[in-house]
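What follows is one structure encoded as structure tokens, with my remarks underneath.
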Amino acid sequence: MAGRYERNPYDEEEDVNPFANNGGVSPSNSRLSPLASGIGDFRATVDIPLDTEKDLKRREKELQSREAELNKREKELKRREEAAARAGIIIEEKNWPPFFPIIHHDVENEIPAHLQRLQYFAFASLLGLAGSLFWNIIAVTAAWIEGEGVKIWLLSIIYFISGVPGAYVLWYRAMRTDSALNYGWFFLFYLLHLGFVIYSAVAPPIIFHGKSLAGILPAIDIISEHAVAGIFYFIGFGLFTVESLLMYTYFRGSGKAAEMKREATHGAMRAAISSSI
């Protein structure tokens, strides 16, 4: 019986010494090495910059100051607009032509529906004046090239840069309101422009230098010597003639003349009554 148990089946376990140094590396250490390396990974930290409470308060103050400045500017702009409206000053945004706005033009939103047709007609008259004076520059330039002198070319430039803006300011804008004073303003300067266009269509050699305007008389004179320039002058004569008819038709059909007669009559009656009193 004792022989059966002479060999301990666990003797093999006893040969395993966990503290034995096998070549300087213990089995237990070799098995724990991956875990040890993993512990180092968990110890790594990520530096994420966080705003301090002081920085947040500073930025909040900056935003509040900017908002206060914007509110102040908005109130100032509103105040100026109200002051301009009380003074009768109209602030107009330039919106025409769309590709290069130089004037304000908004018939649909600013003119009553029953007057929009007349307003479009007036605008066509203004564009016709601009086109006629621009073509006049081309015709006079052709005559200048043919030896007519630089003086007539300079005068044609003056007609354009003074006539077109002058027409827009002096009568086109004035007729958009229902004020009696503006009616009188319109009446005076529209008649002046109408007279100028009729004069330009004929272009007699008086007052203005005759060949600085592409009228019928300069056209007849120039075409005998310079055919191309003469044709340009005849085209200018046609444009001035059409513009004259357009302006006259608008003036007669718009009722401005009748309105001015009524205003003149009422003014005379008021003056007579006040003088008698």
*Quick one: in region 94-126, of everything that is out of contact with any Leu (no Cβ under 6 Å at 6 or more places or on another chain), of a type in the set (S, T, N, Q) and surrounded by 12 or more Cβ atoms within 10 Å (Cβ to Cβ), which residue is farthest from Leu239 (Cα to Cα)?*
Asn95
_Quick check on Tyr190: is it at pLDDT below 80, buried (at least 16 other Cβ atoms within 10 Å of the Cβ), assigned to a helix (DSSP H, G or I) and in contact with a Lys or Arg (Cβ under 9 Å, 6 or more places away or on another chain)?_
no
*For region 143-164, does any single residue satisfy the condition of being within 18 Å of Phe237 (Cβ to Cβ) and either acidic (Asp, Glu) or not in a helix (DSSP H, G or I) (or both)?*
yes
*Condition met for Ile231 (at pLDDT 75 or above and surrounded by 12 or more Cβ atoms within 10 Å (Cβ to Cβ))*: yes
*Please enumerate the residues belonging to region 184-200 that are without any contact (Cβ under 8 Å) to a residue 40 or more places away in the chain and touching a Phe, Trp or Tyr at 6+ places or on another chain (Cβ under 6 Å).*
Phe189
*Test Ala214 against the criterion of being outside any helix (DSSP H, G or I), over 23 Å from Ile102 (Cβ atoms) and open to solvent by less than 20 Å² (accessible area, probe 1.4 Å), and give yes or no.*
yes
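The values are calculated or read from the model by the stated rules, or taken from the named source; none is laboratory data. Keep in mind that this is a model prediction, so the values were computed, not measured. Every residue, glycine among them, receives a Cβ derived from its backbone with ideal geometry; neighbour counts consider all protein chains shown. We work out accessible area using only protein heavy atoms, side chains counted, and drop any ligands, DNA or RNA first. Shrake-Rupley method; radii C 1.70, N 1.55, O 1.52, S 1.80 Å.
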